[in-house]
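Presented below is the structure to which this report refers.
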Amino acid sequence: MEKKICKGAHRGHLCVLASADKLDEIKKLACKPRYICFNCGRVANCGENLCNPMALD
């Protein structure tokens, strides 16, 4: 199995927000998803909020 790697500073990533129970902030960052994270499967409007993003289109 491939090792999961976080790209970027990690601060502001949805995985960090989820672990801090910041659901309202996650809702805002994922209301019109354009990216998916290869690590956790979460989606977000912006790739900067994911550890290992890939565009959905």
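Tabulated values for the structure
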| quantity | calculated |
| --- | --- |
| Selection within segment 26-41 - at pLDDT 95 or above and part of a loop (DSSP other than H, G, I, E, B) | A30, C31, K32, P33, R34 |
| Scope segment 10-25; condition within 9 Å of the chain's Cα centre (by Cα) and modelled with pLDDT of 95 or more; matching residues | none |
| Residues being surrounded by 14 or more Cβ atoms within 10 Å (Cβ to Cβ) and in a loop (DSSP other than H, G, I, E, B) - total across segment 13-25 | 2 |
| Inter-residue pairs, beta-carbon under 7 Å, first within 15 Å of S19 (Cα to Cα) and in segment 40-56, second among the β-branched types (V, I, T) and part of a loop (DSSP other than H, G, I, E, B), 6+ apart | none |
| Boolean, V16 is closer than 18 Å to I5 by Cα and out of contact with any strand residue (DSSP E or B) (no Cβ under 9 Å at 6 or more places or on another chain) | yes |
| Candidate set: segment 42-57, residues that are exposed (fewer than 14 other Cβ atoms within 10 Å of the Cβ) and part of a strand (DSSP E or B); chosen: the one nearest to the chain's Cα centre (by Cα) | M54 |
| Residue count, segment 19-33 (criterion: farther than 14 Å from L50 by Cβ and touching a residue at least 12 places away in the same chain (Cβ under 8 Å)) | 2 |
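The values are calculated or read from the model by the stated rules, or taken from the named source; none is laboratory data. Worth saying up front: this structure is predicted, and the values here are computed from it rather than measured. Using ideal geometry, Cβ is built from the backbone for each residue, glycine included, and neighbour counts are taken over all protein chains shown.
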